[in-house]
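The values are calculated or read from the model by the stated rules, or taken from the named source; none is laboratory data. As the structure is a prediction and not an experimental result, all values here were calculated from the model. Please note: Cβ atoms are built from the backbone with ideal geometry, for glycine as well, and neighbour counts cover all protein chains shown. Calculation scope for accessible area: heavy atoms of the full protein, side chains included, ligands and nucleic acids excluded. Shrake-Rupley method; radii C 1.70, N 1.55, O 1.52, S 1.80 Å.
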Amino acid sequence: MPVLSGVIDVLTMKSDRPVRRLVAYYVILAIIVAVAAFFFPAEMARIAAKGLGDVPEGPTVLNDALSSPNTGVTFGLGSLLGVAVTTVLILLGALVLILPVTWVYMSARPSGGQHNQNVVQTLVILPLVVAGIVFMVQNSLALAFSLAGVVGAVRFRTTLRDSRDLVYVFLSIVVGFAAGVQSLAVGAVVSIVFNFVLIITWRYDYGRNMLMPTAAAQWSRPLQALASPTGDHQIPDRDLMLSLTPEKASALADRFDRVRDTLGKKKKARYDSVLHITTDNVPEAQKKLEQALDKLTKRWDLDEVVTNVGKPSEIYYLTRLRKSIPRDALLTAIHDVAGDVIVSVDLEANELAAEEKADGKG
């Protein structure tokens, strides 16, 4: 789809933000639908909201289409062509509604997470199949029972790695049902709202527990137990032997060697805190931050830059604070210097080092 991608690039000025590209896609789709509705109003009404108009006010009774022939239907070239055109339109409608859902699925992943290509292909194909089935069954009791028998005979054993993948599959089914009952307007509203809600929750990390313990609090106690040669919480070597393989033990040894080199071999650690920055402009943020860190910290080191697409990137610095500059003063100074290029800033201190400082003062 290079042509569509090129048009979206023009409308969004080649922005890589999913929200802007979604808006551009739906604007293009709305223009195409408006033009089609102007020139072909009957055909568009047939696939967009016919299913809504067919819902009766009273109780609905399914017809036995196999034993009770419908005398109101006439067969001929015109009627067959009409059914073919309607089928093509509802399948195309399902396809154009599900495509942006697949883009959201591939984009809105956790940092470092990979999407499942099989799920992407399923999301594209499933609504077409569901739409075809629903369009064929419609109000036929016999066909509905036949479909239930066929589905009951098929056993599905696919396990999804991410529980959110199942939500995408359900949405794909909803779009297929909407197309099958010729109510694409409902499918369009549902898919549009779904896409933007999911993009926003991913963009702002909604659902992250603000009461979760910090990294220092989470790992301090078990690591102290590992490092303690004596005491009630000592972990014997035999327990570690039963928990590790030689490969994992070597990997842990290498990792602890790297951490030891970073901390230094003196009594006081070279770094006692981690500065976490989120920004949409990494080079400019680094330039301003590092100038501020030269003045505000005893020493610092760039640990990692995590580049994200569609949401702010992350910068991690290892820092050693000056005794004369408390945490709040450092954060305030960083906001003053780089507030125009950063989204958020947080400083997490080594709680064990802080306790040792307090004990030394006491």
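Can you name the residue in segment 282-321 that is hydrophobic (A, V, I, L, M, F, W, C) and open to solvent by 40 Å² or more (accessible area, probe 1.4 Å) and, of all such residues, is farthest from the chain's Cα centre (by Cα)? Checked segment 282-321; the qualifying residue farthest from the chain's Cα centre (by Cα) is Trp300. For segment 336-362, a tally of residues being at pLDDT 80 or above and either touching a strand residue (DSSP E or B) at 6+ places or on another chain (Cβ under 7 Å) or not in a helix (DSSP H, G or I) (or both) returns 10.
Of the residues screened, Val174 is one that is touching a helix residue (DSSP H, G or I) at 6+ places or on another chain (Cβ under 8 Å), closer than 25 Å to Gln138 by Cα and at pLDDT 80 or above. Selection over segment 322-335 of residues that are open to solvent by less than 60 Å² (accessible area, probe 1.4 Å) and assigned to a loop (DSSP other than H, G, I, E, B) gives a count of 1.
Kindly provide the set of residues from segment 1-54 that are outside any helix (DSSP H, G or I), closer than 28 Å to Thr87 by Cβ and modelled with pLDDT of 65 or more, ordered by number.
The answer is Phe40, Ala49.
Of all residues in segment 142-153, one or more are crowded, with 17+ Cβ neighbours inside 10 Å and at pLDDT below 80. Those helices (runs of 4 or more DSSP H) of segment 206-275 in which 2 or more residues are open to solvent by less than 80 Å² (accessible area, probe 1.4 Å), at pLDDT below 65 and not hydroxyl-bearing (Ser, Thr, Tyr) occupy 215-227. Note on segment 170-191: among residues that are under 30 Å from Pro312 (Cα atoms) and surrounded by 18 or more Cβ atoms within 10 Å (Cβ to Cβ), the one that is farthest from the chain's Cα centre (by Cα) is Ala188.
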